[in-house]
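This report concerns only the one structure given below.
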Amino acid sequence: MFGIPDPTIWIAYLLAIAFACACVLYGIVNWNKGDSDNGS
Amino acid sequence: MAVDTFTTMIVILVYLVMILGIGYYGYRKTKGAEDYMVAGRNTHPLVIALSYGATFISTSAIVGFGGVAANLGMGLIWLTVFNIGVGVLIAFVFFGKRVRTIGQRLGAVTFSDLMGKCYNSTFIQYVSGIIILVSMPIYTAAILIGGARFIEVTLSVQYEVALLGFAVIVGAYVVLGGLIAVMHTDAVQGAIMAVGMSLLLVLTYVYLGGVTTAHTALTNMADLVPAALTAQGHLGWTSMPSLGSPIWMTLVTTMVLGVGIGVLAQPQLIVRFMTAKDDKALNRATLIGGPFILMMTGVAFTVGALTNVYFYQKSGEIAIAAAGGNVDSIMPLYITSAMPDIFVVIFMLTLLSAAMSTLSSLYHTMGTALACDVWGRGRSCALSLKSNKYGIFIMMVVSIAVALLLPGSIIARATVIFMGLCASAFLPVFVNGITSKSPCVIGAKASMLAGAIVWFLWTAFFHAAESSALGLCQYLFGVPALLGQPWSACNPLIIALPISIIVMAVFQFRHNRNMA
């Protein structure tokens, strides 16, 4: 994939991108949660 | 360097004025110990995320590990997986919120203070402070060396002058402005790093003819791997090393696991969680943290490996040969020789920012550990601004001395040593301290000491990379390491961390049973 023949390398690339996307999603979903005012 | 010296000087001057101006802002905003130590516990999510990321990513990650990727290949990208998955996602979501809540409730102002208060033990605070003071100057010195070496190459300044100037400028705004200055300068430096690393990635692929073309060219260079590396399991720069080979052991146990897990127990990062006002700030910071780290280590490791294609096409040599055998010189050499002149200045600011942001945080952590946790432990001077400023100044001088004594090619190795010791000694105690209802103090003492002692014994007598350099094993037993392959390539963390986890778990289990 993309000139990288070893799947253990390109899987690592896909995982790194997937984790970065998970961080973005987590931030968006929980954008207004955990406010100090509502004590949640 | 091809860039006009006058232009470079102007850019650096503007940059330094801006950074020192932010330092002054921190100085003006600092009214008491809580401002100086934990930035008033009211930091903006963007500042938390960029400060965490910029502190996390140093010249070590870009220059040191980029050079390692040039030597060992793209397998290092597994470290990026851990950097984001463990270092951001798990760190912020599972640990960050607990640290913030507990830190605020107990009024903790440093990592060691937090540990001491979680376990209600000044001994825990004292020992963790001592471990920070012993291990962190080595890592700090590595950051200093990385920054000074790059200044030396790009500005043609004498190495010692570069090192001293760099160390003192950063020390000035940390001493004066405390953590408010540190985190806000970090944020600006993080933004510069994001721009610089994005450009580095794009320009590298453009220069090498595109993503697939560049990777294919690197794949086709597998037969150029030096025989010495092939004999140790290197299978090419776009392949993982042979399973269980010495290079595989080094890559997986030392680089990927050692640094990837070690990040969870780094005091200078954990303190960042205590600067958040509420959990909402940490949720929002997570959004920025993940992509930021991807653009840092992901780019450094990818471009690091691809420097082999550039140097081979340019001079017929692979990267390590072009850099005269010094791994730490590969990335600076690539940037100064491959990038357009105008961007060299941006990359210089990127690397300066990476070094300064990490260095400032380490100064602050070491100085407050000395003044608050070791010297002032249990006394009123622990929270004195004056004593903490003296603490930071003293640790700055110690770090400069260590940097002048350390040998070359030390950047990545020193990072691994620091993170390995931190994780072995702190991680089980830290996790247990913030998750247990009634943390066992004897277990914490035993786990911390067991982790530190086993880590040291494995480093001094078994892990060949360090034991041969220390010479203690050779002196006592006449051999560089007591065991052969694969144990001599197994990182101390892999042995010490499970032992400290078991010790903590056994004591905590007994403690819980007795309490029931």
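Here is the size of the range B:42-103 from its Cα atoms: Rg then Dmax, 14.2, 43 Å.
Toward the positive end of the charge dipole of the protein assembly as shown, with +1 on the Cβ of Lys and Arg and -1 on the Cβ of Asp and Glu, the farthest Cα among B:Val170, B:Leu243, B:Leu218 is that of B:Val170. Could you compute the FRET efficiency for B:Ala401 and B:Phe94, with r as their C-beta to C-beta distance and R0 at 35 Å, rounded to 0.05? About 0.40, to the nearest 0.05. The magnitude of the dipole of chain B, with charges of +1 and -1 set on the Cβ of Lys/Arg and Asp/Glu and taken from the Cα centre, is near 1940 debye.
Taken as Cα centroids, the range B:25-49 and the range B:77-103 sit 21 Å apart, rounded to the nearest whole angstrom. Going from the chain on its own to the full set of protein chains, the range B:274-288 has these residues losing 10 Å² or more of accessible surface (heavy atoms, 1.4 Å probe, no ligands, DNA or RNA): B:Lys277, B:Asp278, B:Asp279, B:Lys280, B:Asn283, B:Arg284, B:Thr286, B:Leu287. Could you name every residue in the range B:69-103 that has 10 Å² or more less accessible surface in the full protein assembly than in its own chain alone (probe 1.4 Å, ligands and nucleic acids excluded)? Buried on complex formation: B:Met74, B:Ile77, B:Trp78, B:Val81, B:Ile84, B:Gly85, B:Leu89, B:Val93, B:Lys97.
Which of the peptides B:464-475, B:163-174 is most tightly packed, and how do the rest follow, judged by the mean count of other Cβ atoms within 10 Å per residue?
The peptides rank, most packed first, as B:163-174, B:464-475.
Here the Kirkwood formula puts the hydrodynamic radius of the range B:6-84 at 15.8 Å, using every distinct Cα pair.
For the pair B:Phe6 and B:Leu46, label points projected 7 Å from Cα toward Cβ lie 3.5 nm apart.
At 1.4 Å probe size, with every protein chain present, just tell me what the per residue accessible area of the range B:11-51 comes to in Å². Please report the intermediate quantities before stating the final value.
On the way: 1980 Å² over 41 residues.
It amounts to 48 Å² per residue over the range B:11-51.
Each 10 Å bin from 0 upward holds the following percent of the Cα-Cα pairs of the protein assembly as shown: 4, 19, 30, 28, 15, 4, 0, 0.
Among B:227-236, A:14-23, sorting by the average number of other beta carbon atoms lying within 10 angstrom of each residue, highest first, gives A:14-23, B:227-236. Protein heavy-atom accessible surface, 1.4 Å probe, per residue over the range B:156-307: 29 Å².
Put a plus charge on the Cβ of each Lys and Arg, a minus charge on the Cβ of each Asp and Glu, and nothing anywhere else: the dipole of the protein assembly as shown about its Cα centre is then about 1860 debye.
Buried between A and B is an accessible area of approximately 2600 Å², summed over both sides with a 1.4 Å probe. Between B:Ser337 and B:Asn512, the C-beta separation translates, for a Förster distance of 41 Å, into a calculated FRET efficiency of about 0.10.
Over chain B, all Cα pairs binned in 10 Å intervals from 0 give whole-percent P(r) values of 4, 20, 31, 27, 14, 4, 0, 0, listed from short to long.
Taken along the Cα-to-beta-carbon direction at a fixed 7 Å, the label points for B:Lys29 and B:Ser242 span 5.5 nm.
Hey, what number do you get for chain B at 222 nm if only DSSP H runs of n ≥ 4 count, each worth -39500 (n - 2.57), divided across all residues, to the nearest 500?
Computed mean residue ellipticity for chain B: -23000 deg cm²/dmol.
Working from label points 7 Å from Cα in the Cα-to-Cβ sense, the B:Val14 to A:Phe2 distance is 3.3 nm. Given the range B:215-292, report the % of alpha carbon pairs whose separation exceeds 21 Å. The answer is 53 percent, as a whole percent. Annotation: extensible slack from B:Leu224 through B:Ala172 equals 14.0 nm (criterion: 0.36 nm per residue apart, minus Cα-Cα distance).
The equivalent ellipsoid that matches the C-alpha gyration tensor of the range B:436-516 spans semi-axes of 33, 11, 8 angstrom, in descending order. Computing FRET efficiency as 1/(1 + (r/R0)^6) for B:Ala231 and B:Glu317, where r is the C-beta to C-beta distance and R0 is 22 Å, gives about 0.65. Measuring nothing but protein heavy atoms, the accessible surface of the protein assembly as shown at 1.4 Å probe radius is 69 percent carbon and sulfur. Each part gets one Cα centre, and for the range B:232-250 versus the range B:311-376 those centres are 25 Å apart.
The values are calculated or read from the model by the stated rules, or taken from the named source; none is laboratory data. Just so it is clear, the structure is predicted and the values come from calculations on it, not from any experiment. So basically every Cβ, Gly included, is an ideal-geometry build from the backbone, and we count neighbours across all protein chains shown. These area figures cover heavy atoms from the full protein model, side chains too; ligands, DNA and RNA do not enter into them. Shrake-Rupley method; radii C 1.70, N 1.55, O 1.52, S 1.80 Å.
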